[in-house]
Amino acid sequence: MANIKKLPFSRLPKAVIPVHYALEIKPNLKTFKFNGRVVVDTKVNEETDEILINSADIEILRASFNSVESESKRNLCSNITYHETDETVSIKYPQKLAKGDGKLMIDYVGILNDKMKGFYRSKFTAVDGSERYVAVTQFESTDARRALPCWDEPAIKATFDVTMIVPKDKVALSNMVTASFTDYRETENISDLKVIKFAKTPIMSTYLLAFVVGDFEYVEARSADGVLVRVYAPIGKKDQGKFALDVAVKTLPFYKDYFNIPYPLPKIDLIAIADFAAGAMENWGLVTYRETALLIDPVNSSSSNKQWVAIVVGHELAHQWFGNLVTMEWWTHLWLNEGFASWIEYLCVDHCFPEWDIWTQFLVMDSARALELDSLNNSHPIEVPVGHPSEVDEIFDAISYQKGSSIIAMLHDFLGDDGFRSGLNHYLEKFKYSNAQTEDLWESLEGATQKPVNKVMSSWTRQMGYPVVSVSAKHSGQSVELEISQSKFCADGQLDSSHENYEWLIPMVIANGSNNKQPVKIILDEKSKSVTLQDVKQDDWVKINFGQFGFYRVRYTSDMLLKLVPAVANKVLSPRDRLGLQNDTFALTKAGLLNTTDYLDLLQAFSKEDNYTVWSDIIGNFGSIISLMEYANLTDGFKAVGIELLTDIVKTLGWEMKANEKHTDGLLRSLAVLHLGRFGHTETMAEAKSKFAAHLDGTKAIDPDLRSAIYKVVLSEGDETTFNALLKLIDTTDLQEEKMRVMVSLGAANGEHLLTRALEFAMSDKVRSQDKVFIIESIARSGKIGRQLTWNFMKQNWDKLNSIYQGGFLLSRLIKGCLSGFAGEEFSADIREFFSTKSVPAAERTIEQVIESIELNTKWLSRDVSSVTSWMQNKNYIPSK
């Protein structure tokens, strides 16, 4: 594992701490500057002549301090020293500040930046064609300091009074409801500005403070428990907020009942921002979103995007309790916020839309992503020491989110819902309006259930990685004795001495063909254990991790695996178990513990598969093999395999949505059409071209669920005319979802010339900074030609890309998404050499993960290319030489 460099860092001293902030802020949407004044009620814990607080990109004009004991005597600062690397400012005073209460007063100016962090500007085009600017905040994790000098650490909580001075024709919002508004006077004259005072917030962390000013309109409703819910959108788009409004109105009472604690604020606003780096941000009472994560057009939005909006709304509203009411003590415990919200968002969506089969999708969207990342030697534990601000963004990854949610799902299954909910309520009540650490949650859950939660879960949060459970079976009469052992699963398939001390306490669920209604539950609390199952027939299958809630891999003996295959083919096993068996087999294949041909053979058992999520995972894994074997020129053979696998799905589902069909059928139709077309299936490509032509000439619009698939299919065989037609679609829609659909489709372009045009388009002013990454990534994922073009492009444009995304998680996404698919020692060497001279503190671990992934791909290709070639020839997918 690489040695990640750490910058020197220490947390703020506690000699002086805030109790309450009174903030007045006056943004200027023409000059892109803002004036601010903050008066902080403080508690001086020990005499000091210095106040050290966080500040970045702010110029302090004046700073003074008044002791409550001598209010008439103002202590003017004698020196202000900025520490840019640490993002702090030292305010020195000629006399020591006496212990007790006091007021710190700071006047300052700042910049409405274009970096999507701190207090920044966003631009959108209104329905009348005019350009409008919005000022908006994004403070998580360490960017409140760009809007006001403050104690910008999650454990240093305070209350806030926010006052905004804004143009009279603009909407201004903050965490709380408006308390009053008046005209703003400049000298004796009433100006075209207004002063809006917001109600005092609860005690909270600085990263949850929020304010927005701009041109918005809204739709509103009240939840069953009386909370006012509004969804704000840019002018002309408010009707696109109705779906999210409906989800939010259902979600608040659900969480109130689940946590047994009412939502503590009088209102909740959800607002769509045109330029936004993340998907959304859970600011208390004022949740900010990308347009694509909040707005749904009833005619032009796809089922997949509707599902995404529901998940994101469920996630952010969960944070109003878990993260806002109770906050992690430090960023080391970020996973408490994000892992929990990433689990309960599925519980919420399942409550609102039970027909969506969302818990099966959880395995692909969360568990599989986390299992893949956490098998690398350059992964990290869930609880990872975090210091300098530059290190924080890097842990907003699949470990904090998806591994966090996966082990919460495992824990919930282990404890049962009643005990889990009881423990949650105790935790939230005990720590509300304060901060907590991971062990505090374990203690509450342990007290509610009398189960060894801390002992079990510490093995999952403090260790990097996860186990592979190896199992063998020995039948004797009507019973079977299982020998079960655990070891650390490594992506390279190796178990070296550094891994021997890894051991987990694994909650396990085991079922068999004769008894899958009452599975056996155990904890594997040692390296190996024998388990005897009764009433098991000789030919019965045995499934470890039944229900697939455990965060581990399972390695069966060949005879055990063979007995499971008919249960897959006949769909006796649930979709979750079918998916899990397939996913484990693929992971073992990548690690070299099975041959790629073993996985290809297993796929034959899925010939009658009809579950969207199972197919989604199969296609993702199958695509990884195609991407790898492209370096051995086996693409045509794999396309033939893919066509054979998917043809019956489109025949069964057809091209048109049927009345009362399942939500997931639409998702499966799109998946099958996309890949059949990309594999070169003649009939699919012809139908896609026909529908695209009708869409362009206005004869018949393409079903939104199929648009992304058809755009990519026609462009994969298209020419300059096709490419230009798609660019025109971007210009003629104001629906951000449709713009993104088309832009990401550009990665499917046919040939170097069009792919180069797509890269150039990505960097043009027509594409927002937040979206450039996704276009560039789509080009890299198109195949080895696109991947090489993208890497050359990244090297040539590195300074510009780094300037756009410096210090943010989008830079890590760009590096990982574009470079992980290479295979060959020359690529890993080139990438290592390039980044050896670059400073990218927020992506150091990501770069090491990319290099490790390429090295693994290289070994995998060398190891299996010969056997895969023979398999292809024997099956007549490619001609024998």
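Take the Cα radius of gyration of the stretch 467-569 and divide it by 2.2 N^0.38 Å, N being the number of residues; the result is 1.08. For the chain, the longest principal axis of the alpha carbon atoms and the long axis of helix 404-415 meet at an angle near 70°. On the basis of the beta-carbon distance and an R0 of 56 Å, Asn750 and Val68 show a calculated FRET efficiency of 0.20. The phi torsions of the stretch 130-141, fed into the Karplus equation with coefficients 6.51, -1.76 and 1.60 and a -60° offset, translate into couplings of 7, 8, 10, 10, 10, 10, 8, 9, 9, 9, 6, 9 Hz, rounded to whole numbers, with Gly and Pro shown as x. Amide hydrogen proximity for Thr88: with H placed 1.01 Å from N in the peptide plane, the residues at 5 or more positions away or on another chain lying under 5 Å are Ser55, His83.
Computed from the alpha carbon positions, the gyration tensor of the stretch 613-673 leads to an equivalent ellipsoid with semi-axes of 27, 12, 7 Å, biggest first. Here the calculated FRET efficiency for Asn515 and Glu683, from their Cβ-Cβ distance with R0 = 41 Å, stands at 0.35, rounded to the nearest 0.05. Loop-located trypsin sites (Lys or Arg not before Pro) in the stretch 549-640 (DSSP state not H, G, I, E or B) with no more than 10 neighbouring Cβ atoms inside 10 Å: Lys608. Among the listed pairs Lys14/Lys267; Lys739/Lys838; Lys242/Lys728, which are separated by more than 31 Å between their Cα atoms? Table pairs above 31 Å Cα-Cα are Lys14/Lys267; Lys739/Lys838. Amide H contacts of Val554 (H built 1.01 Å from N, in plane; Pro and chain starts excluded): Val469 sit under 5 Å, all sequence-distant by 5 or more or on other chains. Among Ile268, Ile831, a tally of other beta-carbon atoms within 10 Å of each Cβ gives an order, fewest to most, of Ile831, Ile268.
What value, in deg cm²/dmol to 500, does the helix sum -39500 (n - 2.57) over DSSP H runs of n ≥ 4 give at 222 nm once divided by the residues of the chain? Value at 222 nm, helices only: -12500 deg cm²/dmol.
Using the 2.2 N^0.38 Å rule of thumb for compact globular proteins, work out how the stretch 1-125 stacks up: its C-alpha Rg over that value, please. Normalised by 2.2 N^0.38 Å, the Cα Rg of the stretch 1-125 equals 1.23. Here is the list for the stretch 119-214: GluC sites (Glu not before Pro) lying in DSSP coil, each with at most 12 other C-beta atoms within 10 angstrom of its C-beta, are Glu188. Run the Debye formula on the Cα coordinates of the stretch 322-461, all scatterers equal and no solvent, and tell me log10 I(q)/I(0) at q = 0.13, 0.14, 0.20 1/Å. For the requested q values the scattering log ratios are -0.56, -0.65, -1.30. May I ask for the distance between the Cα centers of the stretch 663-696 and the stretch 516-592, given as a whole number of Å? Cα centroid to Cα centroid, the span is 35 Å. Each residue, Asn797 and Leu7, gets one label point 7 Å from its Cα in the Cβ direction; the gap between the two is 2.6 nm. With θ taken as phi - 60° and the Karplus curve 6.51 cos²θ - 1.76 cosθ + 1.60 applied, the whole-hertz 3J(HN,Hα) list for the stretch 365-377 is 6, 10, 4, 4, 5, 5, 4, 5, 5, 7, 8, 7, 5 Hz, x standing for glycine and proline.
Legend: ranking of residues Arg741, Arg768 from fewest to most surrounding C-beta atoms inside 10 Å; resulting order Arg768, Arg741. Computed from point charges on the beta carbon alone (+1 for Lys and Arg, -1 for Asp and Glu), the dipole magnitude for the stretch 738-866 about its Cα centre is near 400 Debye.
If each residue of separation counts as 0.36 nm, what is the full-extension length gain between His388 and Tyr433 once their alpha-carbon separation is subtracted?
Working: separation 45, 0.36 × 45 = 16.20 nm, distance 2.53 nm.
Once the chain is fully extended between His388 and Tyr433, it gains 13.7 nm.
The ellipsoid that matches the Cα gyration tensor of the stretch 1-214 has semi-axes, each √(5λ) in whole angstrom, of 30, 23, 15, with the longest given first. Pairs with C-alpha atoms separated by more than 26 Å, drawn from the list Lys237/Lys432; Lys117/Lys816; Lys563/Lys881, are Lys237/Lys432; Lys563/Lys881. Within straight-line reach of Lys474, meaning a Cα separation under 18 Å, sit the following aspartates and glutamates at least 8 residues removed in sequence or on another chain: Glu483, Asp535, Asp539, Asp540, Asp559. Once you reduce the stretch 779-854 and the stretch 230-266 to the center of their Cα atoms, the two points are 39 Å from each other.
Using only Cα coordinates, the Kirkwood hydrodynamic radius of the chain works out to 29.1 Å.
With a/c under 1.5 counting as rounded, go ahead and sort the stretch 673-814 into rounded, prolate or oblate using the C-alpha gyration tensor (a ≥ b ≥ c being the square roots of the eigenvalues; past the cut-off, prolate if a/b is larger than b/c, else oblate). Note, shape of the stretch 673-814 comes out prolate.
In straight Cα distance, which lysines are under 16 Å from Lys451, not counting same-chain residues fewer than 8 positions off? Lys451 reaches Lys521.
Binning all Cα-Cα separations of the stretch 269-346 at 5 Å, short to long from zero, yields these whole-percent fractions: 3, 16, 24, 23, 18, 9, 4, 2, 0. How large is the Rg to Rh ratio of the stretch 738-866 when both quantities use alpha carbon positions and Rh follows Kirkwood? Ratio of gyration radius to Kirkwood radius: 0.97. Helix 438-449 and the long axis of the chain differ in direction by around 70°, with both axes built from C-alpha atoms.
Residue ranges 478-485, 346-353, 132-139 sort as 132-139, 346-353, 478-485 when ordered by packing (mean number of other C-beta atoms within 10 Å per residue, highest first).
Ranked from largest, the principal axis spans of the Cα set of the stretch 379-538 equal 60, 40, 21 Å.
Once Rh for the stretch 68-167 is found with the Kirkwood sum over Cα pairs, what is the Stokes-Einstein diffusion coefficient at 37 °C and 0.692 mPa s, in µm²/s?
Value of D from the Cα-based Kirkwood radius: 196 µm²/s.
Fraction of C-alpha pairs exceeding 25 angstrom in the stretch 614-718: 20 percent, rounded to a whole number.
A dipole drawn for the stretch 738-866 from +1 and -1 charges on Cβ atoms has a positive end, and of Phe809, Val767, Ser853 the residue lying farthest that way is Val767. Between Thr85 and Asn570, the simple label model (points 7 Å from Cα in the Cβ direction) yields a spacing of 6.8 nm. Once the gyration tensor of the Cα atoms in the stretch 172-243 is diagonalised, the equivalent ellipsoid follows with semi-axes of 26, 19, 12 Å, ordered largest first. Over 16 Å apart: what share of the alpha carbon pairs of the stretch 413-486 falls there, rounded to a whole percent? The calculated P(r) of the stretch 413-486 puts 63 percent of pairs beyond 16 Å. In order along the stretch 787-794, phi translates into HN-Hα couplings of 5, 5, 4, 5, 5, 4, 5, 4 Hz, rounded to whole numbers, per the Karplus curve 6.51 cos²θ - 1.76 cosθ + 1.60 with θ = phi - 60° and x for Gly and Pro.
Taken together, the values in this text are just the output of simple stated rules run on the coordinates, not laboratory data. Note that this is a predicted model, so its numbers are computed, not measured. Cβ sites come from the backbone with ideal geometry, for glycine too, and all protein chains shown count toward neighbours.
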